[in-house]
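The values are calculated or read from the model by the stated rules, or taken from the named source; none is laboratory data. These figures come from a predicted structure and were not determined experimentally. Here Cβ is always computed from backbone atoms with ideal geometry, including for glycine, and neighbour counts include all displayed protein chains.
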Amino acid sequence: MKRKLTNILVTGGAGFIGSNFIRLILSRPGFSGRIINIDKLTYAGNLENLADIAEKFGDNRYFFEKADICDSENIQKIFEKYNIDTVVHFAAESHVDRSIHGPSEFIKTNIFGTFNLLDVAKNYWNNRDDVLFHHISTDEVYGSLGELGYFKENTAYDPRSPYSASKASSDHLVMAYFHTYGLPVTISNCSNNYGPYQFPEKLIPLMILNMTTGKELPVYGDGKNIRDWIYVDDHNLGVLEIIKNGKIGETYNIGGENEWENIKLVTFLCDVVAKCKEKPSSCYKQLITFVKDRLGHDRRYAIDCSKIRSELGWKQKFSFEGGLENTVRWYLSNDRWVKNVISGEYKTWMEKNYNTR
């Protein structure tokens, strides 16, 4: 039976990837359904990310509900209120450093929260086959690669941090609900995302903002840890293909096929910022500082995304150079957003605007 994709529940839709997904899907020709965004609005959730979307689509196609995915009673009410037929589950605690210093919230949100969503969906849908629960995961569940090889969908899980362990557990729960209860599910595991609206604790926005304020550019260890980078819209286009045409019970890896050593990425980013600000790159490169390595730091991630290419026809549309320049220019031209996020003033903005809608 064809999937409805009529009332799509997006969890964590006020965060970086989720807000970009909402903006993308509502702009796509052929999609006439509704988006119901639920977000707990923790430090990384920001309704200012979607102010334009709320204004444009808020009357009948975009709805926001402040909700904790661990609150089963409230999630059940939201399913009933909006007749949810699709879940795109972005909501997660996602910063590795935070998980090392405080893992309990990661266990609660990423494991129990996912379980709660799965259980509500199972009970509400009651064996329907025109529905879908899509779970967003990470390449970090696979562990660390050596100099050669790539993560594939059948690569054994080997998580190394509390964050990746919590995501691995949630992946297993999703597949357990498929095998045990027949819940229609799909999973995607993505590489490192970058782009507009990313919270400034992550590498690329942190470096951009530190450059603009003359702060040090901290690089872990020897700087030779390798990550595969993907522009957020390329990732979300992959998610969109999966929820439309992905095979039930399958996992799809979404990668940028774009490996960079951390130190080389930071150095290149200095060149891009210098170009955008019309300054010599040396004034930024001199800020690079090597710091003590992260505990359990995985050496290399790299994704083989041939499955989603061959089965669903997805491919990346953004070059790294173009995507990175777009990202830099966005941060440089959205100083108000940056200051609000860093200062916490966006919470006041959110409460004022949400309460008046």
Pairs with Cβ under 7 Å, 6+ apart, first in segment 29-44 and within 16 Å of residue 65 (Cβ to Cβ), second of a type in the set (D, E, K, R) and surrounded by 17 or more Cβ atoms within 10 Å (Cβ to Cβ): 40/68
Meets criteria (part of a loop (DSSP other than H, G, I, E, B), out of contact with any Asp or Glu (no Cβ under 9 Å at 6 or more places or on another chain) and not β-branched (Val, Ile, Thr)) for residue 178: no
Single residue of 142, 157 found to be hydroxyl-bearing (Ser, Thr, Tyr), more than 22 Å from residue 231 (Cα to Cα) and modelled with pLDDT of 95 or more: 157
Residue count for segment 186-241, restricted to those that are farther than 19 Å from residue 304 by Cβ, within 16 Å of the chain's Cα centre (by Cα) and not acidic (Asp, Glu): 14
Near pairs, Cβ below 8 angstrom, 6+ apart or cross-chain, from segment 8-27 (touching a residue at least 12 places away in the same chain (Cβ under 8 Å)) to any residue that is in a helix (DSSP H, G or I) and hydroxyl-bearing (Ser, Thr, Tyr): 9/82; 13/19
Residue within segment 201-212 that is at pLDDT 95 or above, in contact with a helix residue (DSSP H, G or I) (Cβ under 6 Å, 6 or more places away or on another chain) and not in a helix (DSSP H, G or I) present: no
Segment 32-69, residues that are surrounded by fewer than 24 Cβ atoms within 10 Å (Cβ to Cβ), touching a helix residue (DSSP H, G or I) at 6+ places or on another chain (Cβ under 6 Å) and assigned to a loop (DSSP other than H, G, I, E, B): 67
Of all residues making up segment 79-136, the number that are β-branched (Val, Ile, Thr), in a loop (DSSP other than H, G, I, E, B) and closer than 21 Å to residue 164 by Cβ: 0
